[in-house]
Amino acid sequence: MRAREIAGICGPATVRPRPGQPSQGLLALAGTVFPCALGRSGITALKREGDGATPLALMRVLWGYRRPGRGFPPPTRLPMLPAGPSLGWCDAPGDRNYNRPVRLPYPASCETMQRADRLYDVVLVLDWNMRPAIRGRGSAIFLHVARPGYAPTEGCIAVSPATMRRLLPRLRAGSVVRVTR
């Protein structure tokens, strides 16, 4: 595979913290810089479940979910699946489905992917701690829609709806998101 194919359509997306605001960041892609939200604990090289930090890592976009009826997404080369009411994501380190999508209701701790707010109207799954999933190393690290004012996430990277619309046509499965300091 050529380097350009590995990096994605227009090279890797690079995420770094905003100076003086560790829970907010700047996402650079194809010469354009977008504001983004990061984990409430900033960026860490030692990611742990529940620490509220965004992992310092090179991650790949695997696929996406979209909430039906919410007007997203524009054309994209990413595989996009519907985020229906029975879709969850397991965040219980001791469960056999840790850091994987699950069907709700589910007996272990998990996130509901069809949220009441708009944060998961579009969610891009990043390959953090996926193959293999190591217990307690962090789960559900996504690129998703930000809260107003770029309020901190639980460890994800979040962008405005307008930025998500601009990113989606430029990304595909295997596109690189590099989180750095």
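All of the numbers you see were taken from the coordinates with simple rules; none came from a lab. Just so it is clear, the model here is predicted, and its values are computed rather than measured. With ideal geometry, Cβ positions are generated from the backbone for all residues, glycine too; neighbour counts draw on all protein chains shown.
Might you check whether a residue that is surrounded by fewer than 22 Cβ atoms within 10 Å (Cβ to Cβ), free of Cβ contacts under 8 Å to residues at least 60 places away in the same chain and over 27 Å from Arg131 (Cβ atoms) occurs anywhere in the stretch 33-43? Yes, the stretch 33-43 contains a residue that is surrounded by fewer than 22 Cβ atoms within 10 Å (Cβ to Cβ), free of Cβ contacts under 8 Å to residues at least 60 places away in the same chain and over 27 Å from Arg131 (Cβ atoms).
For (1) within 20 Å of Ala92 (Cβ to Cβ); (2) surrounded by fewer than 16 Cβ atoms within 10 Å (Cβ to Cβ), each residue gets a yes or a no:
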{"position": "Asn129", "(1), (2)": "yes, no"}
{"position": "Pro132", "(1), (2)": "yes, yes"}
{"position": "Arg135", "(1), (2)": "yes, yes"}
{"position": "Ala146", "(1), (2)": "no, no"}
{"position": "Thr153", "(1), (2)": "yes, no"}
{"position": "Val159", "(1), (2)": "no, no"}
{"position": "Ala162", "(1), (2)": "no, yes"}
{"position": "Arg165", "(1), (2)": "no, no"}
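Within the stretch 113-162, the set of residues being in contact with a helix residue (DSSP H, G or I) (Cβ under 9 Å, 6 or more places away or on another chain) and in a loop (DSSP other than H, G, I, E, B) comprises Arg118, Asp121, Ala146, Ser160.
For the stretch 11-30, taking the residues that are assigned to a loop (DSSP other than H, G, I, E, B) and at negative phi, the one that is surrounded by the most Cβ atoms within 10 Å (Cβ to Cβ) is identified as Pro12.
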